Each structure stands twice: as structure tokens, then as C-alpha cells.
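To keep things clear, I will list the structure first and then write my remarks on it.
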Amino acid sequence: MVLTSNVRDYINRMLQDISGMKVLILDSQTVSIVSVVYSQSDLLQKEVFLVELIDSISKSNELMSHLKAVYFLRPTSENIQLLRRQLASPRFGECHLFFSNILKDTQIHILADSDEQEVVQQVQEFYADFVAIDPFHFTLHVPSNYIYMLPAVVDSSTLQRFCDRVVDGLAALFLALKRRPVIRYQRTSDVAKRIAQEAAKLMYQQESGLFDFRRTEVSPLLLVIDRRDDPVTPLLNQWTYQAMVHELIGIQDNKVDLKSIGKFPKDQEEVVLSSEQDSFFKTNMYENFGDIGMNIKRLVDEFQQVAKSNQNIQTVEDMAKFVDNYPEYRKMHGNVSKHVTLVTEMSKITEQRKLMTVSQTEQELACNGGQGAAFEAVTNLLNDESISDVDRLRLVMLYALRYEKDSPVQLMQLFNKLASRSAKYKPGLVQFLLKQAGVDKRTGDLFGNRDLMNIARNMARGLKGIENVYTQHQPLLFQTMENIVKGRLRDMGYPFVGNHFQQGRPQEVIIFVVGGTTYEESRSVALQNASNTGIRFILGGSSVLNSKSFFKDMEEAQRVARISTSVV
């Protein structure tokens, strides 16, 4: 149930059976699907000498009959129309068509009618309609991700497109895993319910034959939940390697664009951070920032040893050995400078924005009680000139989520202070967040203060002491996984769809977060999977959030909501 291997196997099968020089033609979404599991050198080994996007290839008429075209596309009506035109006047000697999801009969007919010159050699469905960023973490990059926050009446067509893309992605995932799941959803979320019901309809009615796999003892579980049940996790500053890079710089399809934060040598403007392609990153992606510094120092020391031995070239044999090892040496050099650069840049940002001070208060707000002390800490930071606007906003949001019922007067004082101190403060964004994800809207026990078991657990954690004040927070997802492992996920809060119930404890669980996942949550999943409870978890979402993209989604949802109310 390793997603990266599944997608990689599909691409291997696409490319290895077609001999000779090839051009790989992708769309704006399959380019992400391929790039996270397949490197440029992997493609060259499979004799792929050109990678093009389908819409840009439509603009050229140059004949390339010496190349075989391998198309890997999502089966959208736009792609089918582009393909139809390209098949009508073909530029390549052969065309091999692969689609990332289920093709409709009408689409197959359109393609057959267009292929008058009979260049199409095969048409296949390879179910890789999701971006497998890590072995147990996938995303769908759904456009208009903010729409899940709004009622259906505000923009029903955008919401329908959002839900369709999620259902398509989930269908492909289970076809790739050769499973049909039992489906549950978060009761308080209309959009989670809608996606769960539409997915069930597809898997159990419309395409039931396709999903009729050999039955496992216990069906896997698909649990559809809503980001707004845990708005705290995407607001927090992060202190483990992968999550911290995404929070402070940004990761897109396992690539980090350093141009956004400064000037770098050409070969370092964009770096790849992939657990599949970088052994140092694989070992350290979930480690604390403090430990990363020590581990990078060791990496640099190892590299200096290798560099020293390479300087000692005296014989022809030494020279031959150096030439043989040179690709490995260059790769090691690139890897060392990449990690040193990332950690150096993150250290600078941490210092500039006083993130250690800010984060300590954030963690207190997220994990511990004590409203008076919290109010004082947040007030002091709002008064501090060196704290950035975005960090002030996030502190007030965290305080509001925790104490919205306890101290409305003090909350109002913080709103006013925030508005007067921060030029970038968007009026009403904190109130909009409370409307979306306040205590009355949430299902789970976000702060561990509703359920007696959770209160006791929090007290025990407090007494034991936390080894690192900056990473004491655990996402709500951790609690959800624990409840599934112990068979305690309540039907009341997470009902089943239809009459397909779970017989016994599932061995495979896919948790899909409508609105997006975080790297802190994917770390929780990886640690849970490593603990050998007999259950394998996979985490997926409509996007991968950091605080910047979470704010952006909120701002866009608020803007659209205002327009729709003013129109009404």
C-alpha cells in the first residue's frame, strides 16, 4: 500500500514496453503526478527525449514522425478535444494513449472517430489520478480549494467541480490499490458528507463491476473529514524538517523554489526534496530542527573526507577511479549544498521573525490551558515591533479558537489591538475563522478538554514533561487514528454511508481531509505506521497547506461570501 511505488509502476509500464525514441505528453495535472515519482534521468533511461504539455504541443505543426508519442492525461473533456484535433492531423509516428482515470464510452468513440490515419496503437486506463508526494501521503491540487468553506448555494458549480475532482482522485486511488472501501464521514461537514456519498455511489452503483475485487477479510476504511475540525495545525509554526521547509519557504510537488527568498546560483534556484530520491532527507524529514543542524554537520564532514581523498590523485588508476566515482561525488556535493542552504536560510528567517519566541506562545495556546497567562503573552507579542504581521494574526487566531467562549471581552481587546498594530490585518478574518471552525462547528475534541479520557491524557503529558516545547502539539488526526486503532471512532460523529458497515477492525485506512493536509499530519501518519499496530494509514487531501495557503483560502472564501451576500 505504498503510493509512490504504485504510481511509479504505472509509469514504468507505460514507457518500458514502447521501444525507441519517445515524447511524453502530459497535462497541467499529470505533470505533477509524474514529477514526484520520476526524475529527469529516469525518463532519459526510458528513451524519453522530450516532455511536452498537451496544450503547448497543439500550437506547433512541426512533424516528428521519428518519435513515438506517449500521452498520459486526465480524461477531461478539454483534453479529449485537444487530443481529437491532434489525432486529426498527427505529428508523430505512433500515439499511445494512457488516461489517469475511468474513460467514458462517449470519449472512446470520439477518439476512435478522430484516428482516421490509425496512429493510435493503444488506449489504456492507468489509475494514477493523485500526486503521491510521499509513500503514505497524497494530494490532488484541487483548484479553488477555498470553496469547501462556503455553503453550496454560494457557488454550486465550483463546489460541484471541487467534489468531482476529489471523487475522481479517491476512485483512482482505490482502483490502484485494488480495493473497495467502507466509507465514513464527519457528521458536521456537509461537503465531507457529499463527497462520501458521491464516492459510494460511484464505487457501489455506477462502476460497481470495476470495483468488484477479491474480497479481503475486512474492507479498508475511507474516512472523509473536514479541515475546519482542526484549524490549529495549519496555523502553527513548524519545527521538524519537511514541515518547516514548507512553512517558511514552501514545497510544491517535492520541489523548493529558493528564488522567492533570495539570490542563489543557477543550479540551486530550485531544489528537490524527495524521500524517494534523497537518502539524507528520507532519514531526517521528521527530525527536529536542532537535530538537523547536527546531522548536516556530519554530512558535511563525510563529504570533506571524500573530497580530501579525491585530491590525492597520483596514478592513472587513481584517475580512473575518480572518473568512475565522479557522478556519485557530484550528487553528494549537490546534496550537501542543498541541505546546508535550506537550513541556513531557515535559521535566518527564524531569527528575523523571532519565531522561537512566537512559537513558544503558539504551542502554549494549542496545548495548555491558562487563559490569563495566554492573554498576557499574546498582548506582549502584539506590542513587540519586531513581530511580523502574519505572526500577530496567527497568534490572535489561535487565542480566539481556544478562548472564544471563555473571554469575549479580552478577545475583543486583542481584535482591536491587532487592527491598530498590523497594516496587513484583514478586517474580520479572525471572526470569519470562528464562524467557519469555532467550537460549535467542530466534531473532534480539538483542545482535549471535552472528553474525560483526553483531559486525563493531557494532564499525564503535562506531568511527564514534554521533551521539546516547540513540538509538543499533536494534530487532531493523531487522536482520530488512535480512536480507529482502538475501535473507538463513534458512529454518532462519523456515520457510515449506506448499509456497508465495518466487520471488525480495518487493516487499511485512508483518511481524506477536505480542504487540505499538512506535513505535520503526514509525519503523524508515518510515525503511526512505524508503530506496527497492524493498521496501515494513508493520508490524502485536496491540497497541502501551510499557514500562508490556509490564510489565502480563508481570504478568498471571505471575499466570495461577501460578494454573494451583497448580490442577494
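The values are calculated or read from the model by the stated rules, or taken from the named source; none is laboratory data. Predicted model only: the values in this text are computed from it and were never measured. Methodologically, a virtual Cβ is constructed for each residue, glycine included, from the backbone with ideal geometry; neighbour enumeration extends over all protein chains shown. Just so you know, the surface numbers come from the protein's heavy atoms only, side chains and all, with ligands and any DNA or RNA stripped out. Shrake-Rupley method; radii C 1.70, N 1.55, O 1.52, S 1.80 Å.
Using the Karplus equation 6.51 cos²θ - 1.76 cosθ + 1.60 (θ = phi - 60°), what ³J(HN,Hα) coupling, rounded to whole Hz, does each residue of the range 48-53 give in order, writing x for Gly and Pro?
For the range 48-53, the Karplus-derived couplings read 8, 9, 8, 10, 10, 8 Hz, x marking Gly and Pro.
Check the straight Cα-Cα distances from Lys266 and name the aspartates and glutamates below 18 Å, setting aside those fewer than 8 residues away within the same chain.
List returned: Asp257, Glu345.
Could you derive backbone 3J(HN,Hα) for the range 27-32 from the dihedral phi with the Karplus parameters 6.51, -1.76 and 1.60 (θ = phi - 60°), listing whole Hz in sequence and x where the residue is Gly or Pro?
10, 5, 9, 5, 4, 5
Rank Pro220, Gln238, Gly250 by how far each Cα sits towards the positive end of the charge dipole of the range 209-251 (+1 on Lys, Arg Cβ; -1 on Asp, Glu Cβ) and give me just the farthest.
Of Pro220, Gln238, Gly250, it is Pro220.
Quick one: 3J(HN,Hα) in Hz for the range 393-401, Karplus 6.51/-1.76/1.60 with θ = phi - 60°, rounded, Gly and Pro as x.
4, 5, 5, 5, 4, 5, 4, 5, 5
How much length would be gained if the chain were fully extended between Asn499 and Lys331, taking 0.36 nm per residue of separation minus their Cα-Cα distance, in nm to one decimal? Numbers along the way, then the final one.
On the way: separation 168, 0.36 × 168 = 60.48 nm, distance 5.41 nm.
Difference between extended and current length: 55.1 nm.
Could you sort 360-367, 246-253, 512-519 so that the peptide with the highest average Cβ count within 10 Å comes first and the rest follow in order?
On the way: 360-367: 21.1, 246-253: 19.6, 512-519: 26.9.
In descending order of packing, they fall as 512-519, 360-367, 246-253.
What's the extension gain from Ser156 to Gln431 if we count 0.36 nm per residue and subtract their Cα-Cα distance?
96.6 nm
Could you order peptides 484-497, 136-149, 68-81 by the average number of other Cβ atoms within 10 Å of their residues, highest first?
136-149, 68-81, 484-497
Once Rh for the chain is found with the Kirkwood sum over Cα pairs, what is the Stokes-Einstein diffusion coefficient at 37 °C and 0.692 mPa s, in µm²/s?
Details: Rh = 25.9 Å.
D, rounded to a whole number, is 127 µm²/s.
If the reach is capped at under 16 angstrom between alpha carbons, list the aspartates and glutamates near Lys59, excluding any in the same chain fewer than eight residues apart.
Excluding near neighbours in sequence, the set is Asp27, Glu78.
With the dipole of the chain worked out from charges on the C-beta (+1 for Lys and Arg, -1 for Asp and Glu) around the Cα centre, which of Ile33, Phe99, Ala561 lies farthest toward the positive end?
Final value for the positive-end residue is Ala561.
May I ask you to give the percent of accessible area on the chain that is carbon plus sulfur, with a probe radius of 1.4 Å?
Numbers: 13500 of 26630 Å².
That share works out to 51 percent.
If amide H atoms are built 1.01 Å from N in the plane of the peptide, which residues on other chains or at least 5 residues away come under 5 Å of the amide H of Val120?
Cys95
Using a 1.4 Å probe, what is the accessible area per residue for the chain, in Å²?
That works out to 47 Å² per residue.
How big is the antiparallel share of DSSP beta bridges in the chain, given as a percent to the nearest 5? Don't skip to the answer; put the middle values down first.
On the way: 9 of 51 bridges.
Roughly 20 percent of the DSSP beta bridges within the chain come out antiparallel.
Compute the FRET efficiency between Val340 and Asp389 as 1/(1 + (r/R0)^6), taking r as their Cβ-Cβ distance and R0 = 35 Å, and round to the nearest 0.05.
0.70
Need the C-alpha centroid separation for the range 392-411 versus the range 515-563, integer Å.
So the separation of the two Cα centres works out to 22 Å.
How about Lys441: which lysines have a C-alpha closer than 16 Å to its C-alpha, ignoring those fewer than 8 places off in the same chain?
Within the straight-line cut-off, Lys441 pairs with Lys193, Lys405.
Tell me the trypsin sites (Lys or Arg not before Pro) within the range 343-385 that lie in a loop according to DSSP and have at most 15 other beta-carbon atoms within 10 Å.
Of the trypsin sites (Lys or Arg not before Pro), the ones in loops of the range 343-385 whose Cβ has at most 15 other Cβ atoms within 10 Å are Lys354.
Sort 257-267, 540-550, 28-38 for me by packing, meaning the mean count of neighbouring Cβ atoms within 10 Å per residue, highest on top.
540-550, 28-38, 257-267
Longer than 26 Å from Cα to Cα, which of Lys308/Lys331; Lys263/Lys338; Lys486/Lys552; Lys348/Lys435; Lys178/Lys201 are they? Say none if no pair is.
Listed pairs above 26 Å: Lys486/Lys552; Lys348/Lys435.
At R0 = 51 Å, how high is the FRET efficiency between Arg187 and Thr357 if r is their beta carbon distance? Nearest 0.05 is fine.
0.85
Please give the residues of the range 40-64, grouped as numeric ranges, whose backbone N is less than 18 Å from a label point set 7 Å along the Cα-to-Cβ vector of Gln121.
43-52, 64
Need one number: % antiparallel among DSSP beta bridges in the range 76-234, to the nearest 5.
Rounded to the nearest five, the antiparallel share is 25 percent.
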